[in-house]
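Engineer: If you scroll down you'll find the structure; I have some questions about it.
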Amino acid sequence: MKAVFLDRDGVINVCRVIDGKPYPPTGPDTFEFTEHAKEACQRLMSAGFLLFVATNQPDIGRGKQTLEAVKSMHDLVRAELPVEKIYVCTHGSDNECTCRKPQPGMLLMAAEEYGIDLGASYMVGDRWRDIDCGATAGCTTIFIDYGYDEKLRAQPDAVVSHIGEAADWILSRSSV
């Protein structure tokens with residue numbers, strides 16, 4: 001099995017960017033899919049890829065976001081996108097968990113649960129943590145560059161401007 005792992009904020013939904021840093025939506029009322037998310041996910045699923053969301057949501061653990069609001073946003077994702085499962089890490093960077101990106105725990109869990117070949121799979125993200133996570137798990141990595149005020153630590157396999165271009169890149173290189 002081959003999969004495409006998608007970060008949530010900035011990849012499938014729009015982020016607010018303040019002083020070069022992206023911020024997630026606060027709830028379903030501020031949740032908006034990125035322009036190409038639905039079409040890109042449909043094309044990837046139609047090509048035989050399993051789709052997963054792997055997202056850090058540390059504001060839950062910090063008390064700045066409710067689990068209920070995140071679950072409501074994920075209900076919107078499940079209703080509109082053909083994702084198999086959404087993996088969520090609620091830990092902050094001060095926690096030594098193995099699921100918080102850049103650690104590969106969420107991808108490793110999906111690989112075990114679904115029999116995924118990580119070496120034949122892709123991680124699409126817009127932050128350095130996503131790229132490091134995918135690379136550590138053995139996935140091909142695709143960075144969506146929005147020009148945030150942060151540097152990449154690992155070199156991605158491809159750099160694109162939106163999820164539609166990421167899907168084009170994946171589909172042009174894979175034989176599913």
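Engineer: So, of the residues in region 63-82 that are in a loop (DSSP other than H, G, I, E, B) and free of Cβ contacts under 8 Å to residues at least 60 places away in the same chain, which turns out to be surrounded by the fewest Cβ atoms within 10 Å (Cβ to Cβ)? Walk me through it before giving the result.
Structural biologist: Taking region 63-82 and keeping what is in a loop (DSSP other than H, G, I, E, B), we get 63-66, 81-82.
Still in the list and also free of Cβ contacts under 8 Å to residues at least 60 places away in the same chain: 63-66, 82.
On the way: 63: 7, 64: 10, 65: 19, 66: 13, 82: 14.
If we take residues in region 63-82 being in a loop (DSSP other than H, G, I, E, B) and free of Cβ contacts under 8 Å to residues at least 60 places away in the same chain, then 63 is surrounded by the fewest Cβ atoms within 10 Å (Cβ to Cβ).
Engineer: What is the number of the single condition among (1) touching a residue at least 40 places away in the same chain (Cβ under 8 Å); (2) surrounded by 14 or more Cβ atoms within 10 Å (Cβ to Cβ); (3) closer than 19 Å to residue 123 by Cα that residue 31 does not meet?
Structural biologist: Of (1) touching a residue at least 40 places away in the same chain (Cβ under 8 Å); (2) surrounded by 14 or more Cβ atoms within 10 Å (Cβ to Cβ); (3) closer than 19 Å to residue 123 by Cα, only one is false for residue 31: (3).
Engineer: Exactly one condition in (1) buried (at least 21 other Cβ atoms within 10 Å of the Cβ); (2) over 17 Å from the mean Cα position of the chain (by Cα); (3) not charged (D, E, K, R) is not met by residue 24; state its number.
Structural biologist: The failed condition is (2).
Engineer: Which pairs do you get when a residue that is more than 13 Å from residue 41 (Cα to Cα), found in region 160-172, comes within reach of a residue that is part of a helix (DSSP H, G or I) and not aliphatic (A, V, I, L, M), reach meaning Cβ atoms under 7 angstrom, with the pair 6+ apart or on two chains?
Structural biologist: Going by the 7 Å Cβ cut-off, the qualifying pairs are 160/169.
Engineer: Can we say residue 55 is free of Cβ contacts under 8 Å to residues at least 60 places away in the same chain and assigned to a strand (DSSP E or B)? Walk me through how you get there before you give the answer.
Structural biologist: Details: free of Cβ contacts under 8 Å to residues at least 60 places away in the same chain: yes; assigned to a strand (DSSP E or B): yes.
Judged against the criteria, residue 55 is a match.
Engineer: Which residue, of 11, 17, 4, is touching a strand residue (DSSP E or B) at 6+ places or on another chain (Cβ under 8 Å), touching a residue at least 24 places away in the same chain (Cβ under 8 Å), assigned to a loop (DSSP other than H, G, I, E, B) and not aromatic (Phe, Trp, Tyr)?
Structural biologist: Going through 11, 17, 4 in turn, the sole match is 11.
Engineer: Regarding residue 130, is this residue touching a residue at least 60 places away in the same chain (Cβ under 8 Å), out of contact with any His (no Cβ under 8 Å at 6 or more places or on another chain), farther than 23 Å from residue 37 by Cβ and not aliphatic (A, V, I, L, M)?
Structural biologist: Values: touching a residue at least 60 places away in the same chain (Cβ under 8 Å): yes; out of contact with any His (no Cβ under 8 Å at 6 or more places or on another chain): yes; farther than 23 Å from residue 37 by Cβ: no; not aliphatic (A, V, I, L, M): yes.
When the stated conditions are applied, residue 130 does not pass them.
Engineer: Now a separate question. Take region 52-69 and flag every residue that is under 25 Å from residue 123 (Cβ atoms) and among the polar types (S, T, N, Q).
Structural biologist: 55, 56, 57, 65
Engineer: Specify the residue that is farthest from the chain's Cα centre (by Cα); the eligible residues are those in region 130-159 that are crowded, with 19+ Cβ neighbours inside 10 Å and either in a strand (DSSP E or B) or among the basic types (Lys, Arg) (or both).
Structural biologist: 140
Engineer: To continue, here is another question. Give region 20-33 a look and list any residue that's assigned to a strand (DSSP E or B), out of contact with any Lys or Arg (no Cβ under 6 Å at 6 or more places or on another chain) and over 22 Å from residue 170 (Cα atoms), or say none.
Structural biologist: Start the filter on region 20-33 by keeping residues that are assigned to a strand (DSSP E or B), which leaves 21-23, 33.
Restricting the remaining residues to those that are out of contact with any Lys or Arg (no Cβ under 6 Å at 6 or more places or on another chain) gives 21-22, 33.
If the condition is that a residue be assigned to a strand (DSSP E or B), out of contact with any Lys or Arg (no Cβ under 6 Å at 6 or more places or on another chain) and over 22 Å from residue 170 (Cα atoms), then 21, 22 are the ones that fit.
Values in this text are rule-based calculations from the coordinates and carry no lab data. Because the structure is predicted, anything quoted here is derived from the model rather than measured. Note: ideal-geometry Cβ built from the backbone for every residue, glycine included; neighbour counts use all protein chains shown.
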